[in-house]
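The values are calculated or read from the model by the stated rules, or taken from the named source; none is laboratory data. Predicted model only: the values in this text are computed from it and were never measured. Don't worry about glycine lacking a Cβ; one is built from the backbone with ideal geometry, like all the others, and counts go over all protein chains shown.
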Amino acid sequence: MRIILVGPPGAGKGTQAEKIVAKYNVAHISTGDILRANVKAGTELGKKAKSFMDAGALVPDDVIVGMMRGRLAEDDCKNGFILDGFPRTVPQAEALDSLLAEMGIKLDGVILLDVDDDTVVERLCGRRMCKKCGRIFHVSFKPSSKGDLCDECGGELYQRDDDKEEVIRQRLAVYHSQTAPLVDYYGKAGLLLRVPGAEAGDKVLGHIEAMLGSRA
Ligand code: ADP
Ligand code: ZN
């Protein structure tokens, strides 16, 4: 199985990807995770990417495509993959098409997790993380019973820098201008499956299974 997850920040791409991976045993490739790991490790790639990421802007296409060319050639991709956060622009989608053609493989589908802007802002602005154990809370949807401290370990809860409203608005603007055109791109290719991202988590997996079944 080879699929792409597309959707605005906060649509739940990571959560859905983990469920799909648990079920189908394919590689989960998150460009955001790879980039954050490189920034943390201080690699050349991380140095190139950091300023763009901090500004809520996209890392240049050539950097991302070079990174993905290497990643898709790794062994764990043989059984299939789920791309989370890539492609994010039409030029990236075109580059992916040529990469897959070179490799002699095809995509099974592209899943759009459709969530409106107000929902994204509400979800991300209210998100809080535990400094100690990393557990995620939400001030309204999943509050800690201990207020500003973690239920689980008593650690202090904090808001991530890129979950501040201004940065979220910036990430959304980038999504609408640069990433949303992919909906048309993959729609024309007959690959798009639109799923309301606000639906309870397990329904999304059901939609994906139905799509894969109908193509089998
Ligand atoms: P989110 O989807 O919540 O905005 P990600 O973790 O997917 O966050 O990405 C974080 C940042 O990494 C992005 O804001 C962007 O700077 C960079 N990034 C991730 N994937 C790509 C990509 N495919 N192309 C360009 N930049 C990317
Ligand atoms: Zn904790």
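Determine if segment 11-21 includes at least one residue that is surrounded by 14 or more Cβ atoms within 10 Å (Cβ to Cβ), farther than 25 Å from Asn79 by Cβ and touching a strand residue (DSSP E or B) at 6+ places or on another chain (Cβ under 9 Å). Yes, segment 11-21 contains at least one residue that is surrounded by 14 or more Cβ atoms within 10 Å (Cβ to Cβ), farther than 25 Å from Asn79 by Cβ and touching a strand residue (DSSP E or B) at 6+ places or on another chain (Cβ under 9 Å). Listed residues Leu191, Leu205, Leu182, Leu157; which is surrounded by 12 or more Cβ atoms within 10 Å (Cβ to Cβ) and modelled with pLDDT under 80? Exactly one of Leu191, Leu205, Leu182, Leu157 is surrounded by 12 or more Cβ atoms within 10 Å (Cβ to Cβ) and modelled with pLDDT under 80, namely Leu205.
Matching residues to (1) of a type in the set (A, V, I, L, M); (2) within 16 Å of ligand 2 (Cβ to nearest atom); (3) in contact with a helix residue (DSSP H, G or I) (Cβ under 9 Å, 6 or more places away or on another chain):
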residue	(1), (2), (3)
Asp118	no, no, no
His138	no, yes, yes
Glu156	no, yes, no
Glu165	no, no, yes
Arg194	no, no, yes
His207	no, no, no
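Candidates in segment 19-43 are the residues that are part of a helix (DSSP H, G or I) and under 11 Å from the mean Cα position of the chain (by Cα); of these, the one that is nearest to Leu191 (Cα to Cα) is Thr31. For segment 47-80, a residue qualifies if it is assigned to a helix (DSSP H, G or I) and within 10 Å of ligand 1 (Cβ to nearest atom), and the qualifying residues are Ala49, Lys50, Ser51, Phe52, Met53, Asp54, Asp61, Val63, Ile64, Val65, Met67, Met68.
Does Thr43 satisfy being modelled with pLDDT under 90 and either polar (S, T, N, Q) or touching a helix residue (DSSP H, G or I) at 6+ places or on another chain (Cβ under 6 Å) (or both)? So Thr43 does not fit the description; no.
Within segment 179-198, residues that are in contact (Cβ under 8 Å) with a residue 24 or more places away in the chain sit with their Cβ atoms under 9 Å from residues that are in a strand (DSSP E or B) and small (Gly, Ala, Ser), at 6+ positions apart or across chains, in these pairs: Tyr186/Gly109; Leu191/Gly109; Leu192/Gly109; Leu193/Gly109. Residues of segment 14-43 that are away from ligand 1 (no atom under 16 Å from the Cβ) and closer than 24 Å to Gly56 by Cα: Gly42 alone. Scanning segment 44-53 for residues that are over 15 Å from the mean Cα position of the chain (by Cα) and either within 17 Å of Asp163 (Cα to Cα) or not hydrophobic (A, V, I, L, M, F, W, C) (or both) yields Glu44, Gly46, Lys47, Lys48, Lys50, Ser51, Phe52. For segment 81-199, the strands (runs of 3 or more DSSP E) that sit wholly inside it and include 1 or more residues that are in contact with a Ser or Thr (Cβ under 8 Å, 6 or more places away or on another chain) and within 14 Å of ligand 1 (Cβ to nearest atom) are 81-84.
Quick grid of which residues meet (1) more than 16 Å from ligand 2 (Cβ to nearest atom); (2) modelled with pLDDT under 95; (3) surrounded by 15 or more Cβ atoms within 10 Å (Cβ to Cβ):
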| residue | (1), (2), (3) |
| --- | --- |
| Pro87 | yes, no, yes |
| Leu113 | yes, yes, yes |
| Lys131 | no, yes, no |
| Leu149 | no, no, yes |
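If you scan segment 55-76, which residues turn out to be buried (at least 17 other Cβ atoms within 10 Å of the Cβ) and among the hydrophobic types (A, V, I, L, M, F, W, C)? Once the filter is applied, which keeps residues that are buried (at least 17 other Cβ atoms within 10 Å of the Cβ) and among the hydrophobic types (A, V, I, L, M, F, W, C), segment 55-76 yields Leu58, Val59, Ile64, Val65, Met67, Met68, Leu72.
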